[in-house]
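The values are calculated or read from the model by the stated rules, or taken from the named source; none is laboratory data. In this text the structure is predicted, and so the values were computed from the model without any measurement. Using ideal geometry, Cβ is built from the backbone for each residue, glycine included, and neighbour counts are taken over all protein chains shown. Please note that ligands, DNA and RNA were not included when accessible areas were found on the heavy atoms of the full protein model with its side chains. Shrake-Rupley method; radii C 1.70, N 1.55, O 1.52, S 1.80 Å.
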Amino acid sequence: MRIIVPLLKLGLAGGAVYVVADQGLFSISQKETIDASKRISDSVPEIPGLESYTNKA
């Protein structure tokens, strides 16, 4: 059980890095990085109330 949790965390972190690299976020070109960032942000659903929370500052 002591080895399972660190391996699970490592697997999740590796998977996240793989998905980001696969989307092209680590590319050399700034335009490609911006396009990939827009694709990722478009695929994430909106969080209700987030805009009002971020505009309070």
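Which of the GluC sites (Glu not before Pro) found in the chain are in a DSSP loop and have at most 12 neighbouring Cβ atoms, other than their own, within 10 Å?
Those satisfying the criteria are GLU46.
Counting helices only, and only those DSSP H runs with n ≥ 4, report the 222 nm mean residue ellipticity of the chain as the sum of -39,500 (n - 2.57) divided by its residues, in deg cm²/dmol to the nearest 500.
-21500 deg cm²/dmol
Calculate, in nm to one decimal, what VAL19 and ARG2 gain on full extension: separation in residues at 0.36 nm each, minus their alpha carbon distance.
3.4 nm
How much area per residue is accessible in the chain when the probe is 1.4 Å and only protein heavy atoms are counted (Å²)?
94
So which chymotrypsin sites (Phe, Trp or Tyr not before Pro) in the chain pass both tests, a DSSP loop state and at most 16 other Cβ atoms within 10 Å of the Cβ?
Qualifying residues, ordered by number: PHE26.
Express the carbon and sulfur contribution to the solvent-accessible surface of the chain as a percent, rounded to the nearest whole number, probe 1.4 angstrom.
Within the chain, the accessible surface is 66 percent carbon and sulfur.
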